[in-house]
Amino acid sequence: MKPLIVSSYDPVGGAGASRSAYRLHQGFLKLGIDSRMLVQDKRMDDPTLVSAPNQFAQKIWKARRNLDALPLKFYQNRQKGAVLFPIQWLPDIINPQINKLAPDIVNLRWICDGFLPIEALAKIKKPIVWTFADLWAFTGGCCYSQGCDGYTKSCGKCPILKSDRSWDLSRLTWQRKAKAWRDLKFTIVTPSHWLAQCARSSSLFCDKDIRVIHHGLDIELYHPTEQKTARNLLNLPQDKHLVLFGAINAINNHRKGFALLQAALQKLSHSSLQNKIELIVFGASQPEKTIELGFPIHYLGKIDDERKLALLYSSADVMIVPSTEEVFGQTASESLACGTPVVCFDTTGLKDLVDHQQNGYRAECLSSEDLANGIAWVIENPERSQKLSLQAREKAEREFNLLTQAGRYLSLFEELLHS
């Protein structure tokens, strides 16, 4: 079998979506499958990753990201920063490369930033399995809806665009998807039951075949290391409760919930845990303006070395994932694999990972007070913490093993190829 994974980025140039795509690709290779991964922006030295055929084409492919965003110039008051709104309107130049690679089946991943146009999916002549990385496929352009249910109808009056018009860019993009994909047959995979439910409630995909396959990871790489050893190797204090928080653009991305974590830690600074906690932040450098928590903060920046990242998880007493919307939460699965309990909110995709008071704590949604309660509950009792740690690792071995995930995809591919 020759699967082709199509993703805008490789793990170096992208975020969590590209990392999960590459991990599946690695899982296929470990199982002896002739897998290839086609990316818009290749930065890794891996011969199984394929990009533009020559340097001139590479420049064109990379320029598409900025060109795709040009229609947003008409919405100067829109939400900006970490809020993405891909349009995918540029001409298709990717399908010739897909055809040249001659796969048996195509697994689409995150294909935005100008990579694969909406209308191009119909030109793919092989069976398609589309793994959703966020909500973009069934919205008018947003990747996370922020509570808006416009995608259950036909979008318009988009709050992210700050538009008061029914026929705005979100409605036009939704209409393009509806027209291009109406008669197109493909199978959808989501990494969480929450995202599957969102897709089933959407007007575009309510009648599609939707499966749930959790993201996997290398549980031999992400494994527990004795906490004292991990802290020594990373030069972290031995006599403190270390609270870990991390994501790409961790502090400035509102969806990642740092403001809610900040409020929770400020509450704990006035509790019996005063002077006993230190916060470790990865994925963000120290901001110019000092953030006051009542506890010391260690900023480690972006960590590309996965072995170092695994040590960091093992060094912590608890990992906090306070996201308000999360399709899956790979930092949570990585932490669990390293035996570190996770505290999150009882919402969205994280509910598939964190079993309340079994391998972590699911706080009342958006309640900083209950988030603080969860942090304290995990770290205050050493015997409880040890039990949570063992159950965290067991969950990862049972549900997030990369080879198990790859096997589930291969079973789906075989089913589709022989149906």
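Coordinate-derived values only; no laboratory data. For clarity, every value in this text was computed on a predicted model and none was experimentally measured. Positions of Cβ are backbone-derived with ideal geometry, glycine not excepted, and every protein chain shown enters the neighbour counts.
Order of 215-224, 135-144 by packing, highest average Cβ count within 10 Å first?
Details: 215-224: 19.8, 135-144: 23.8.
Going by the mean number of other Cβ atoms within 10 Å, highest first, we get 135-144, 215-224.
Using the Karplus curve 6.51 cos²θ - 1.76 cosθ + 1.60 with θ = phi - 60°, work out ³J(HN,Hα) for each residue of region 398-407 in order, rounded to whole Hz, and write x for Gly and Pro.
So the Karplus estimates, Gly and Pro as x, are 7, 10, 10, 5, 4, 5, 5, 4, 4, x Hz.
If you plug each phi of region 106-119 into the Karplus form 6.51 cos²θ - 1.76 cosθ + 1.60 with θ = phi - 60°, what whole-Hz ³J(HN,Hα) values come out, in order, with x for Gly and Pro?
Using θ = phi - 60°, the values come out as 10, 9, 6, 10, 7, 10, 8, 6, x, 6, 10, x, 4, 6 Hz.
Going by C-beta contacts inside 10 Å, put Ser368, Ser411 in order with the fewest on the left. Provide the component values of the computation, followed by the final result.
Working: Ser368 20, Ser411 11.
In increasing order of surrounding Cβ atoms, one gets Ser411, Ser368.
At 1.306 mPa s and 10 °C, plugging the Kirkwood radius over alpha-carbon pairs of the chain into Stokes-Einstein gives what diffusion coefficient in µm²/s?
71
Within region 227-399, how many lysine pairs that are 8 or more places apart, or on different chains, have C-alpha atoms less than 16 Å apart? Could you put the intermediate results ahead of the total?
On the way: Lys228/Lys240; Lys228/Lys308; Lys240/Lys276; Lys256/Lys302; Lys256/Lys351; Lys267/Lys276; Lys351/Lys395; Lys387/Lys395.
Within region 227-399, the lysine pair count is 8.
Nearest 10 degrees is fine. How inclined is helix 258-268 to the longest principal axis of the chain, computing both from alpha carbons?
10
Treat the count of other C-beta atoms within 10 Å as a stand-in for reagent exposure and order Thr229, Thr290, Thr348 from fewest to most.
So the residues, fewest neighbours to most, are Thr290, Thr229, Thr348.
Where the centre of each part is set by its Cα atoms, how far does region 267-287 sit from region 342-388, in angstrom?
Their Cα centres are 17 Å away from one another.
Separation between the Lys59 and Lys162 pseudo-spin-labels, each 7 Å from Cα along Cα→Cβ, expressed in nm?
Going by the 7 Å Cα→Cβ label model, 3.6 nm.
Would you mind ranking Val50, Val343, Val129 so that the residue whose beta carbon has the fewest other beta carbons within 10 Å leads the list?
So the residues, fewest neighbours to most, are Val50, Val129, Val343.
Could you give me the ³J(HN,Hα) list for region 93-101, computed from phi with Karplus coefficients 6.51, -1.76, 1.60 and θ = phi - 60°, whole Hz, x at Gly and Pro?
Working through the residues one at a time gives 10, 9, 4, x, 5, 4, 5, 5, 6 Hz.
Just how far, in whole angstrom, is region 1-15 from region 110-155 if you go by their alpha carbon centroids?
16
Give me the angle, in degrees from 0 to 90, between the Cα long axis of helix 16-30 and the longest principal axis of the Cα atoms of the chain, rounded to the nearest 10.
80
List every residue whose amide H lies under 5 Å from the amide H of Leu108, counting only residues 5 or more places away in sequence or on a different chain, with H placed 1.01 Å from N in the peptide plane.
So Leu108 has HN proximity to Val6, Val129, Trp130, Thr131.
Against the longest alpha carbon principal axis of the chain, how many degrees, from 0 to 90 and to the nearest 10, is the axis of helix 306-315 turned?
Here the helix axis deviates by roughly 30 degrees.
Select from Gln97, Cys148, Cys158 the residue farthest towards the positive end of the dipole of region 86-159; place +1 on Cβ of Lys and Arg, -1 on Cβ of Asp and Glu, and compute about the Cα centre.
Value computed over the given set: Gln97.
Which one, Ala284, Ile248, Ser271, projects farthest toward the positive side of the charge dipole computed for region 221-291 from Cβ point charges (K/R +1, D/E -1)?
Ser271
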